[in-house]
Structures are given as C-alpha cells and as structure tokens.
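Below is one structure, written out as structure tokens; the observations come after it.
Read-outs: derived from the displayed coordinates by stated rules, not from any lab. None of these values were measured; they are calculated from a predicted model. Every residue, glycine among them, receives a Cβ derived from its backbone with ideal geometry; neighbour counts consider all protein chains shown.
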Amino acid sequence: MALATAQPKTTLDFGPAVALSCRECGTRYDLGPTFACVECFGPLEVAYSWNSPGFTGPSPVTRRQIESGPANIWRYRGLLPVPADVLSKPNLAPGWTKLVKADNLARELGIRSLHVKDDSGNPTHSFKDRVVAIALEAARNFGFHTLSCSSTGNLAGAVGAAAARAGLDSCVFIPSNLEEAKITMASVYGGRLVGIEGTYDEVNRFCSELIGDPLGDKWGFVNVNLRPYYGEGSKTLSYEIAEQLGWRIPDQIVVPVASGSQLTKIDKGFKELIRLGLVDDKPYKIFGAQAEGCSPVSAAFKAGHDIVQPVKPDTIAKSLAIGNPADGPYVLDIARRTGGAVEDVTDAEVVDAILLLARTEGIFAETAGGVTVGVLRKLVANGLLDPAAETVVLNTGDGLKTLDAVSAEARPTAVIRPSLDAFRAAVADNS
Amino acid sequence: MSVSVRIPTILRTYTDGVAEVNSEGATLREVLQKLEADFPGIGARILDETGKIRRFVNVYVGEEDVRFVEGLDTVTPDGAQISVIPAVAGG
C-alpha cells in the first residue's frame, strides 16, 4: 500500500482555470472538489479566461510553445487546469499517442483519407490515463490522500497506476463481472480493488453515496467529485489530432460513447483551438458510436429525442456499458449541431471490426475500438459519413484487455509436427 | 407510508446538514411533496418547472432507478429507502 503523502495546499494552483461553470444554467463556482450545480444539478465544467464572451485574445500559448513541449499531454499544460510546474511532479505523463494513417482500412471501407488515433499506446493502454492525469493534479491541489473511481475497467487500472506513481493510496470500484485482464490490471498496482455485485450504473451510484459519507472523506473520486477536471483530459485528444494533422481539424471524427464525456470534451477541444486561433475555423462533424446492447444515446438520436432513456446494458463492449449516460443529452446536441450522427453495431459486428482493424492496420483494439470501427463502416454504408472527407476514428484501448471477445475467432492456422511435409500439408489445406 | 430519504451533499443546506431524513407518502410524488413541506425549496432542486425530475438527477426507490419503473408515480412501500443522486459521468 502506498503511503499518503499529499498535504492540503493553502493556495490552489489550477494554471489557466478560473472557475467552475454549470453547463446547464451558467452559474459559476470557485474551483473546488464539486461536480453538480446547486441550482439545477447540471454538470460543472472548468472555465478559462478564453471561455468568457468578451475574450479577444491573444492565445495564452502559441503553436511553437506547444511544439517545443514534451511528447505527452503536458505540452498542452497552458490549456489545462494544472499548475505550470506539473512537469516536475510524479505522474504517468500520458498522451502523444500515434495518429496512424490507415490507408489499408480506408481502401477496404472506400474512404479517401482515414487516420486511427491509437490511444492503446498510453501507459495503462487506454485513453483513461489522460483524464486521470488531470484529476490527479486536482487531487493533489485539494490535499486528498486517496484516489478512487467507479469504473468499467480501464479507468480502474489508470487510477491504480497514477496513484502508485504519485504516492497516494487508491481504492477503485468495478462491477465484479469484468474481463479478467481488466481485473488484474486494476489490482496489480497495489491499491484496493473492490468488485461490486451489480452493473456499472450501480457502482456509480454507490460511489456517489460514498462521497457524502465520512468513509469517503479526503477521497478524490476522479469521475465524480473531480469530474470537472478529469473531463478536461479528453480535450488533449482533440489537441493532438489537430497538431498531428498539421494544425488542422479533421472533417469527421468517430468517437465511442459510454457516459458521453469524452465526445463532449473532444468537441470542446476543437472549439477552443478555433477560438484561440491555433487552427483555422472550419466545420467538422462528430459521430458517436455505441454497442447495440447498450445504445441509449443512439436510440434517442434515431428517435429524434433530446433526452436519453436509461437501459440495462448487455454487450461484450463492457468499457462502454453505461446504461444511464450522464452526458448523453450533450452528445445528442453535438451530433446534431455538427451534422454528425450516433449509430450502434451488434456484438458480432464489434468482433468483426476488431479483426478488420487488426488485419488491415496491425492495430489490436479492445471492444470499444471494435465499436468505433464497426460504426465507421456502418456510417459509410448507410451514407451518413462522407467517404471523400478527411476522417479520424478513435481506438481508446488495447485488445489484450478483452481477449475473450475474439479468442474464438483468432486461432492458430494449424498445429503440426515440426516437419516440412506437415507444413506443406497444412499450407495446402489453408490455401 | 413512512420512508427515509438520502439527501445528496449539495442539498444538505436545506436539511441543516442532515444526510438522511424521514418522509411520508404512498408514491414518490407524495414523498417529494412532503419533503418540500418540511424543507421548503428542496423540491424545486429535484423537479424542474414542469414538475418532472430534472434530467441530471437520478432518484432511486430501494435499488430501482425510478426511470425504469413509474417515475414520480413509483410506489414507495413502508420503510422504503429513497436516494436522490446527481447524475455523474463515468468510464
């Protein structure tokens, strides 16, 4: 067990962040470990000087300053709610993952220009390291001694690893029926891992109640009471994609939807880059991707609703199995505003898409990546996505975490005696 | 029916900091009406101007999210525990 080393700070240092702001009603709050508006329960998000209507610039950072920064998310620290000296603190320094030019997959799908943003390259092999890195700095600021979360798996591992590096305790909560690899990854870092007999939504509810209890005192739940800060980490996906494309926003992007937080922050990131003049203003379309067995946002989109009816998840894409997605209404708003869509695919299509991405680009995605690639293929087929436009699809996690999903399909070509004759026979059988 | 209601941190200003209060009613709607009578102002934090549960609030009767059952008309048996929880994103 790691020792708690954090001490309450007398002065908070959140870099360029100036306040928390309610996304629903705009009420502002001091920066603190809170996540819901007292007036309307709306979600709070971090506000910066450049969010103010009267902001006229200049940008607090230039392209050159960013480009001379480290090869991780801290190259964008001037746009994030973290102290300027974040580089000197122990953390996992995630990000700056590869943007893979996916010509083979593009050819197969009939798309002119396609890139895969491969976030399996992060320290714990999912995009969650980005959001946890920001939440960790908030936890340090508030003097919390324990880092915690409710998780569908990837987040639990990211929290455990970040806490270990930072010297904080951790206690993470997951549905007890998660994939074995994710359970191992979440527990290997030495913190406490608690399996809850229930769905992710029930785990989430449990954590929300724990926050109000003395048991959870001085705990930073990265996706609950630190959620406004945590969410900002997903903006770095937008920043990186734009910078890696040569400071240009893609025409279209396909993003997985669980809670919906990531998609909303990718939109926020693009809008900030435009507002700060770091990229040219241009239209872009954001598409959301869900698994059919947990598709409340896709269902609402197709029905023309602006609210999301919760569902009980039943899909192999467990990292996306959030039946009551808190940011679902915003995903609907953004998909409609940008001219995108929200689509879903079956579990069989998810497996097929994992194999397609692996076969064409050498990228082994977890089930969430199968969802985005499967939805990409479906969007092209049904004409909702323009095959002539520059497109980016996200892979948010590593296939090694969800081996069971494809283990029946990915088997040895043959098992033979060590002889050339046996190999000739096997090759002949499989040619 | 006598029930208990767990109050989220951000609404405890209405209950003098108390985390769990007693209330009464045969349905969730009646429980919330009694809650408003006991702690004026709290009802408008949970329900919007049209009287519906705000979209960023989750209400549970026992283990059940009321959106999966009868919403405000969900029956609240004697001794039921009701939880009011802000919706949070996860992952």
Three-way shape label, the range A:238-360, alpha-carbon gyration tensor, a/c 1.5: oblate
Gyration tensor verdict on the range A:163-282 (Cα atoms; rounded if a/c is under 1.5, prolate if a/b is larger than b/c, oblate otherwise): prolate
Cut-off of 10 Å, at most 11 other beta carbons, DSSP loop: longest stretch of chain A lacking such GluC sites (Glu not before Pro): A:198-408
Distance from the range A:70-133 to the range A:174-213 (C-alpha centre basis), Å: 25
Cross-link pairs beyond the 18 Å C-alpha cut-off, checked among A:235/A:268; A:101/A:282; A:128/A:318: A:101/A:282
Low-density loop positions, GluC sites (Glu not before Pro), the range B:10-91 - DSSP coil, at most 11 other Cβ in 10 Å: B:49, B:63
Cα-based Rg and Dmax for the protein assembly as shown, where Dmax is the largest Cα-Cα distance (Å): 23.4, 87
Helix-only mean residue ellipticity at 222 nm for chain B, each DSSP H run of n ≥ 4 adding -39500 (n - 2.57), per residue, nearest 500: -4500 deg cm²/dmol
Shape category assigned to the range B:2-86 from the gyration tensor of Cα positions, a/c cut at 1.5: rounded
Crossing angle, helix A:128-142 versus chain A [Cα axis fit, 0-90 degrees, rounded to tens]: 20
Cα-centre dipole for the protein assembly as shown with unit charges at Cβ (Lys and Arg positive, Asp and Glu negative), debye to 20: 1620
Counting DSSP beta bridges with both ends in the protein assembly as shown, the antiparallel % (nearest 5): 45
Pairwise FRET efficiency - residue A:213 versus residue A:348, Cβ, R0 = 45 Å, nearest 0.05: 0.60
Using alpha-carbon coordinates, inclination of helix A:154-166 to the longest axis of chain A, degrees: 50
Folded to 0 to 90 degrees: helix A:235-244 orientation relative to chain A principal axis, Cα: 60
At R0 = 22 Å, FRET efficiency that the Cβ-Cβ distance of residue B:16 and residue B:48 yields, to 0.05: 0.30
Computed E for residue A:314/residue A:400 - FRET, C-beta separation, R0 30 angstrom, nearest 0.05: 0.80
Given 15 as the ceiling on other Cβ atoms within 10 Å, longest exposed-site-free region of chain A for chymotrypsin sites (Phe, Trp or Tyr not before Pro) in DSSP loops: A:56-246
Given charges at beta-carbon only (K, R positive; D, E negative), |dipole| of the range B:30-77 in Debye: 220
